[in-house]
Ligand SMILES: [Zn+2]
Ligand SMILES: [Zn+2]
């Protein structure tokens, strides 16, 4: 970026002029409070060498985490342990292929994609150039990061391990420590934001961008790399990263309503049907999400009960309500509290992933509790419905265009 170049706010569409920032500073939108850009979050800008070191470390820890068992249970002389991939395999063999696929993508595939692409990009920058496919891979990092849930999985592992202590002896294995280390390294790697890397890439390896077109249209800011494309038309490609440009996300409100309606319908079976079946000497029983929360509460783990209640009940319900309010007010062109509604939107985007917690707990529990005649836990249809609710609401919030909140104040409507 060069001084004076225009920048658009991702959340409300306001226009600003870019000026350089010192390390750790951030430029905020005066209208909605969104961070417009920062030169790397928290502290000094990373050098390509430190980025390669952190990412390479994360890749190695990731491999250890995936190859070794996480915990082992011991019960009356019988033991049972599993790696994450084995746990996914158990679900798959129990004909819960959809949940197995969800866990595979969120806990195995997307983290691998994110780290692999980040390693490739930072290794290229270390050699002083933008490697081939730089733009595509930064977009891969951006997309994979949205769906990679290493930190949620880590909490899921801890919840499962604590839960299992009432049933059997829990022996930690290398996979557990590797996942803990991976969570920390992945959090460090979160500092390497694709938007900042786009700017860093241009600084390290300046290459001329194609010139702006002369047509004096209102500029469109790229949803991927954040570059403001002057004179561009709807449906054209970004001059820097090649993403398709849209003034507003196409059919944003229709999509949000459709996905929300599907999620709300599935929310009913998700709460009524059992997420887990337990077969033990004492008999067979099904557990719904709420009965699981009550059980934790009654068996003296109020902390776990609260964690599961917040992640599985409070977060999904408040997300459904918040998105309905956002879509409704945007559709009716409401001018009510735009900054507050934008904050609600950012919160919905931030908390959405945490609802997957229960799905991870179910997966690990089902894989670990396999003591032939003593106790076997299998997944129930409620888990499938619940997983779909989480994914549908995550897509719904990413289809909602927050700039629609501000359009009535600009005297224009793109809905
Ligand atoms: Zn703004
Ligand atoms: Zn772009």
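None of the figures in this text is laboratory data; all of them are computed from the coordinates on show. This one's a predicted model, so the numbers in the text were calculated from it and none came from an experiment. Backbone-built Cβ (ideal geometry, glycine too); neighbour counts: all protein chains shown.
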- When the Debye formula is applied to the Cα atoms of region 249-415, each taken as the same point scatterer, what base-10 log of I(q)/I(0) results at q = 0.09 Å⁻¹? -0.38
- Message: If each DSSP helix of 4+ residues adds -39,500 (n - 2.57) and the sum is divided by the residues in the chain, what number results at 222 nm, nearest 500 deg cm²/dmol?
- Response: -17000 deg cm²/dmol
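Arranged from highest to lowest average of other beta-carbon atoms within 10 Å per residue, in what order do the peptides 25-31, 54-60 appear? Before the final figure, lay out the partial values.
Working: 25-31: 14.3, 54-60: 19.4.
Taking the mean over residues of other Cβ atoms within 10 Å, the ranking is 54-60, 25-31.
Mean shadow of the chain, computed from the convex hull of its alpha carbons, in nm²?
Details: hull surface 84.3 nm².
About 21.1 nm², averaged over all directions.
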- At the level of C-alpha centres, the distance separating region 222-256 and region 326-361, in angstrom, is 21 Å
- In degrees between 0 and 90, to the nearest 10, how far off the longest principal axis of the chain does helix 110-126 point, with axes built from Cα atoms? 40 degrees
- Item | For region 324-415, radius of gyration divided by Kirkwood radius, i.e. Rg to Rh on alpha-carbons | 1.25
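Calculate, in nm to one decimal, what residue 204 and residue 123 gain on full extension: separation in residues at 0.36 nm each, minus their alpha carbon distance. Can you show the working numbers first?
Numbers: separation 81, 0.36 × 81 = 29.16 nm, distance 1.27 nm.
Separation in residues times 0.36 nm, less the Cα-Cα distance, equals 27.9 nm.
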- Please grab the % of Cα pairs in region 115-171 that end up more than 18 Å from each other. 54 percent
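Taking 25 Å as R0, compute the FRET efficiency from the Cβ-Cβ separation of residue 3 and residue 188 and round it to 0.05. Could you put the intermediate results ahead of the total?
On the way: r = 30 Å, r/R0 = 1.20.
Efficiency at R0 = 25 Å is approximately 0.25.
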- Message: So for each of 94-101, 380-387 I average, over its residues, the number of other beta carbons within 10 Å; can you give me the resulting order with the highest mean first?
- Response: 380-387, 94-101
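Could you sort 183-189, 167-173 so that the peptide with the highest average Cβ count within 10 Å comes first and the rest follow in order?
Values: 183-189: 18.1, 167-173: 16.0.
Descending packing order for the listed peptides: 183-189, 167-173.
Based on Cα coordinates alone, diagonalise the gyration tensor for region 141-267, multiply each eigenvalue by 5, take square roots, and list the semi-axes in whole Å, largest first.
Values: eigenvalues 364, 114, 10 Å².
With the √(5λ) rule applied to region 141-267, the semi-axes are 43, 24, 7 Å.
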- On average, how much area does the Cα convex hull of region 1-129 cover when viewed from any direction, in nm²? 12.6 nm²
